[in-house]
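Notes follow the structure.
Please treat every number below as a calculation from the coordinates, not as lab data. What you see is a predicted model, and the numbers here were worked out from it, not measured in a lab. Cβ sites come from the backbone with ideal geometry, for glycine too, and all protein chains shown count toward neighbours.
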Amino acid sequence: MHTTNPYNGKLVKEYKLHTAEEVSDKIHKAHQAFETWRTVGYNQRADLLKKLAEVLTTRKTELAHLMAEEMGKPITAGSAEIEKCAKVCIYYAEHGAEFLKDEIVTTDASNSYITFQPLGVVLAVMPWNFPFWQTFRFLGPGLMAGNVALLKHASNVPGCALIIEELLKQAGFPEHVFQTLLISSDSVESIIANPLVKAVTLTGSTEAGMKVAGQAASLIKKAVLELGGSDPYIIFEDADLELAASKCAESRLINSGQSCIAAKRFIVLEEVAAQFIALFKDKMASQHPGDPMQPDTTMGPMAKVALRDELHQQVVKCIEMGAKCILGGTVEPGEHAFYPPTILTGVTKGMPAYDEELFGPVASVIVVKDEDEAICVANDSSFGLGSALFTTDLNRANRIASMQIEAGCCFINDYVRSSPDLPFGGIKQSGYGRELGVYGIKEFVNIKSVYVA
Ligand SMILES: NC(=O)c1ccc[n+]([C@@H]2O[C@H](COP(=O)([O-])OP(=O)(O)OC[C@H]3O[C@@H](n4cnc5c(N)ncnc54)[C@H](O)[C@@H]3O)[C@@H](O)[C@H]2O)c1
Ligand SMILES: O=CCCC(=O)O
């Protein structure tokens, strides 16, 4: 396995995959670590998580550089990602014990209560787009709940995957409560099949989710799936268009467009379509693409040339099918993986920009005549991750957000983002289960009822 810098196409480093024996040894060590870790009190777990937050903060520049090198994230965004990881550790250190405390239930028993017990070794299969955040948003609550973790990270971020082990060691966590496995996707099945592995969480594409969830289900093992998205953003006729254009462009270009919860489909009421599109185009065009190692770079390359090429094929197909490209849409020659901010208008059902996820900086604009059509188009997707509405009528916004949009979250007059305190996840082909908040920490626990006669 080797890593390639997507900014210049140069080889970064070679890594040796773990052998089947090494993996088996790591699983055994994880299980042994669990037998002790499960008995450690919440206060001690919380102290270690706080220490981990300190280590992350102290080393954030180095970690941001590593991400820039492996997957092209600009260092300013990388530092912000590490700070967010520190926040999630502190959040669960401060709230985890409260979330997991026994709940007394009044029944016909002399005493009955619900207790939340850890499951054991959990396998985390993670994507490259937020190499630290995706891992920490599972790991923080997982460790606080008393589970131990094995990480199978995406093949282009092994350096990030390995350094997480080092961070936990530096924070003082017991050995083997967290271990990275350098393995290929093909080996995941055998790890899920290991009786010592009790559950799996996967963040990634719907295809990978189907595979992994199918394997877990066949063995009756719990799975949480955080999958792809094609988030609809509805811009109503009464929206603050300047605000909407700015939030929409910011969201579409997060991480060079490679975010599951980036805005992807822009559904605009026809009365304001021309005005919104003009403002949106200005915002999309005002990026500073460049070297991810430079602090003033706001947009880096995509993570891999192959992903950039796949995205371009989707764009070309849309144009062939009748969409109009009003910004970007071209590939500059060179060894890099850059793709420019791109806007497609006239997007209709049947085009990749309507039906599929565009995992890069390409916006799909769909003009609709009224509210009903806007909601119908927003829901006309196999995905159901995030969504956003732009309107000054908050009664209408709350009604649509809570009852009419098919998604795991709906933001009003802002773009979708995850935060430690709000549950995060999707419906439909965007997955099931939740991370973060009170619900996230309860995904990988045995919710056990105790009844005293
Ligand atoms: N919902 C979320 O929270 C979330 C967050 C980030 C990314 N994503 C989604 O992830 C996708 C992009 O990430 P990616 O390209 O790394 O996704 P991917 O599915 O290719 O890879 C994700 C992880 O799954 C592994 N994997 C892939 N196929 C597998 C298989 N058949 N069996 C076992 N493991 C397998 C990969 O090696 C990697 O570790 C997008 O669809 C994006 O929307 C979702
Ligand atoms: O790719 C998904 C982004 C996830 C997040 O921002 O929490």
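Answer rounded, prolate or oblate for the range 227-288, using the Cα gyration tensor with square roots of eigenvalues a ≥ b ≥ c: rounded when a/c is under 1.5, else prolate when a/b is larger than b/c, else oblate. Mind showing how you got there, number by number?
Values: a/c = 2.58, a/b = 1.37, b/c = 1.89.
Oblate, because a/c is 1.5 or more while a/b does not exceed b/c.
Kindly rank 316-327, 100-111, 151-162, 22-33 from highest to lowest mean number of other beta carbons found within 10 Å of each residue.
Values: 316-327: 16.2, 100-111: 11.7, 151-162: 22.2, 22-33: 17.8.
The packing order, highest mean first, is 151-162, 22-33, 316-327, 100-111.
In whole Å, what is the distance between the alpha-carbon centres of the range 212-270 and the range 271-318?
16 Å
Under 20 Å from a point placed 7 Å out from the Cα of SER286 along the Cα-to-Cβ direction: which residues of the range 343-379 have their backbone N that close?
Hits in the range 343-379 for SER286 at 20 Å: 343-344, 361-364.
Quick check: residue separation of GLU189 and THR348 times 0.36 nm, minus the Cα distance between them. What number comes out in nm?
53.4 nm
Take the Cα atoms of the range 389-434, build their convex hull, and give its volume per residue in Å³.
Details: hull volume 3.7 nm³, N = 46.
Enclosed volume per residue, from the Cα hull, is 81 Å³.
Does the range 154-201 come out rounded, prolate or oblate, given a ≥ b ≥ c as the square roots of the eigenvalues of its C-alpha gyration tensor, rounded meaning a/c under 1.5 and, failing that, prolate meaning a/b above b/c? Before the final figure, lay out the partial values.
Values: a/c = 3.23, a/b = 1.36, b/c = 2.39.
Verdict is oblate for the range 154-201.
Quick one: which of 225-238, 278-291 comes out on top by average Cβ neighbours within 10 Å, and what's the full order, highest first? Walk me through the intermediate numbers first.
Details: 225-238: 25.5, 278-291: 16.8.
Highest to lowest by the protection proxy: 225-238, 278-291.
Given the range 228-385, what whole percent of its Cα pairs are spread farther than 20 Å? Can you show the working numbers first?
Numbers: 5610 of 12403 pairs.
That tail contains 45 percent of the Cα-Cα pairs.
Calculate the FRET efficiency for GLU250 and SER112 from the Cβ-Cβ distance with a Förster distance of 35 Å, rounded to the nearest 0.05.
Numbers: r = 50 Å, r/R0 = 1.42.
My answer for the efficiency is 0.10.
What whole-number distance in Å separates the alpha-carbon centres of the range 144-208 and the range 11-75?
For the range 144-208 versus the range 11-75, the Cα centre distance is 8 Å.
Averaging the inverse of every distinct alpha carbon separation and then flipping it gives the Kirkwood radius. What is it for the range 197-239, in angstrom units? Each step should come with its number before you reach the end.
Values: mean 1/r = 0.0827 Å⁻¹.
Hydrodynamic radius (Kirkwood, Cα only) of the range 197-239 equals 12.1 Å.
Search the structure for amide H atoms under 5 Å from the amide H of ILE412, placed 1.01 Å from N in the peptide plane, and list their residues when 5 or more places away or on another chain.
Close amide H contacts, sequence-distant or interchain: LEU389.
Taking the Cα atoms of the chain alone, what are Rg (to one decimal) and Dmax (as a whole number) in Å?
22.5, 75
Using θ = phi - 60° and the Karplus form 6.51 cos²θ - 1.76 cosθ + 1.60, what ³J(HN,Hα) does each residue of the range 360-377 get, whole Hz, x for Gly and Pro?
x, x, 10, 9, 10, 9, 10, 9, 10, 8, 8, 4, 4, 5, 4, 5, 4, 5
Run through every distinct alpha carbon pair of the range 1-82 and return the Kirkwood hydrodynamic radius in angstroms, one decimal place.
Values: mean 1/r = 0.0633 Å⁻¹.
Across the range 1-82, the inverse of the average 1/r is 15.8 Å.
Can you return the lysines within cross-link range of LYS198? Criterion is Cα-Cα under 23 Å, with same-chain partners fewer than 8 residues away left out.
Qualifying lysines at Cα under 23 Å: LYS26, LYS29, LYS101, LYS152, LYS211, LYS221, LYS222, LYS442, LYS448.
Express as a percent, rounded to the nearest 5, the fraction of DSSP beta bridges in the chain (both residues included) that run antiparallel.
Working: 21 of 58 bridges.
Taking every DSSP beta bridge with both residues in the chain, the antiparallel ones total about 35 percent.
If you wrap the range 313-419's Cα atoms in a convex hull and average its projection over all directions, what's the area in nm²?
Working: hull surface 33.0 nm².
Averaged projected area of the range 313-419's Cα convex hull equals 8.3 nm².
What angle, in degrees between 0 and 90 and rounded to the nearest 10, separates the Cα long axis of helix 273-285 from the longest principal axis of the Cα atoms of the chain?
Taking the Cα atoms of the chain, the angle to 273-285 is about 60 degrees.
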